[in-house]
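Beneath this line is the structure, given in structure tokens, with notes to follow.
Just so you know, all these numbers are worked out from the coordinates, no wet-lab data involved. Because the structure is predicted, anything quoted here is derived from the model rather than measured. No Cβ is skipped: glycine too gets one built from the backbone with ideal geometry, and neighbour counts run over all protein chains shown.
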Amino acid sequence: MLYTLIGNSSTPFAICQCAWFPWKLHNRTSSSQVASHSRAAAAAAAAANSFMDSLTELAAVGGENLPAKYIHPDGINGGKDPFLLPFIDIPVIDVGHFTNPSTDTGKELEKLRAALSSYGCILMGHPLFQIINHGVESLLLDKVRTVFKQFLALPTEQKLECWTEGFQGYGSDPLVTDVMVHDWSHRLRLITCPEEMRQMKYWPENPKNFKEVLHEYSTKLQVLHDVMLKAMAKSLKLDESVFLRMIGEPVIMSARFNFYPPCPRPDQVLGLKPHSDGTVITFLLQDKEVEGLQVLKDGQWFRVPVIPDALVLNAGEHLEIMSNGEFKSPIHRAVVNSERKRISLAAPSIPHDGNEIEPVEGLVSEERPRLFRKMKYNGRTHLRYYQSGRRVVDDARI
Ligand SMILES: O=C(O)CCC(=O)C(=O)O
Ligand SMILES: [Fe+2]
């Protein structure tokens, strides 16, 4: 969803230190101890307790009595099963054309441009496409899924060693505004690139190969990221580095592992609320077996099929702005399954802190007026918008 990682690694929320965690676990309600901590520690303790409560709530799947805070009063699909919705027919792009200089890329670039922009001509326009031949072997994709599942299977106390109330680590996104309805999910979020920005204290020690697998995967995605942004620029007949220059190099990427426990009422609860990604682009690795991603097109929700070895690529809101609306950032959501757990891994890129994002020269002219104001990335703003059901890109519109 919202790739609310702030450019430099310290954030207003980054006060969690695993050091005080044992105190929280064993004395959840001790007011005297709360008093002896600073206000920040007390607030952190409250956040920790609320996360523990949400873990308990999300684990309690037997029954209809879900806490009201998770329920969407109008239902997810007008009261019907969201898995009855039709599938979307997502264009498939062969990235091999962009990495191999000897192939004729013209047609594939045109397909890429059309996938990112022509969906936009009908109502909301949702460019969402699955990429094949992406240079990330299926064995590696499986390893990434496996290490996250192994992490989830650890005893709670061990997982909570990576707990955070901030933007990085295991937990829930910080609440920065009144949330309308809570999401039926948890996440593990880690900055992966550039390496200097990694906060290793949040990277799980177990399973033992977690760090190595995520390092390998993110190194490949870093390369793929630049390939895709260059191809996108070329598809619009622009200098290939124009988007990369504007967001700043090297690219800042993170990994957001989503975990959606089963829920008895998939017709009333969402894993992630409708949103477009507050990113440049997002690579999304889906669960191999359990479907859950849905995308809004022409005012109607569609299911995205599970294609085990493909990655979904979402255009983020910053790409929509830089492309002066030529590319659209799709609105999507995650539904939950009544019996099966689901995971996904979103790998978003974000602009460097302080870089100004605006429609690039070459896409603004008299016939084609500038559609968006200049803006600077702010993760907290994106999160606030998400939590109140709004999109930053709509407010950046002139
Ligand atoms: O779980 C999914 O399929 C969607 C995840 C997503 O949209 C996100 O993390 O931004
Ligand atoms: Fe998303």
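As a quick test, which of the pairs LYS230/LYS374; LYS149/LYS234; LYS201/LYS230; LYS211/LYS297; LYS208/LYS288 have an alpha carbon distance above 28 angstrom in this structure? Over 28 Å Cα-Cα: LYS149/LYS234; LYS201/LYS230; LYS211/LYS297.
Placing pseudo-labels 7 Å out from each Cα toward the beta carbon at LEU140 and ALA114 gives an inter-label distance of 3.0 nm. For the peptides 293-301, 345-353, the ranking by mean Cβ contacts within 10 Å, running from highest to lowest, is 345-353, 293-301.
Compute the FRET efficiency between THR103 and SER38 as 1/(1 + (r/R0)^6), taking r as their Cβ-Cβ distance and R0 = 56 Å, and round to the nearest 0.05. With a Förster radius of 56 Å, E is 0.40.
For the pair ASP239 and ASP394, a Förster radius of 25 Å applied to the C-beta separation gives a FRET efficiency near 0.30, rounded to the nearest 0.05.
Remark: the ASP298-ARG340 segment gains 12.2 nm on full extension, using 0.36 nm per residue and subtracting the alpha carbon distance.
State, to one decimal in nm, how far the label point of ALA59 lies from the label point of GLN199, with both points 7 Å from Cα in the Cβ direction. Going from the ALA59 label point to the GLN199 one covers 2.5 nm.
Between GLN150 and VAL179, residue separation times 0.36 nm minus the direct Cα-Cα distance comes to 7.4 nm. Taking a ≥ b ≥ c as the square roots of the Cα gyration tensor eigenvalues, with a/c under 1.5 meaning rounded and otherwise prolate when a/b beats b/c, else oblate, which class fits the range 69-396? Rounded shape, in that the Cα axes give a/c under 1.5. In this structure the amide hydrogen of LYS297, modeled in the peptide plane, comes within under 5 Å of the amide hydrogens of PHE302, none closer than 5 places in sequence on its chain. The GluC sites (Glu not before Pro) found in the range 144-214 that occupy coil by DSSP, while having at most 15 further C-beta atoms within 10 Å, are GLU205.
For GLU361 and GLU249, a Förster radius of 22 Å and the Cβ-Cβ distance give a FRET efficiency of 0.75, rounded to the nearest 0.05.
With an 8 Å Cα cut-off and a minimum separation of 6 or more residues, compute the relative contact order for the range 198-301 in percent. Before the final figure, lay out the partial values.
Numbers: 31 pairs, mean separation 11.6, N = 104.
Relative CO of the range 198-301 lands at 11 percent.
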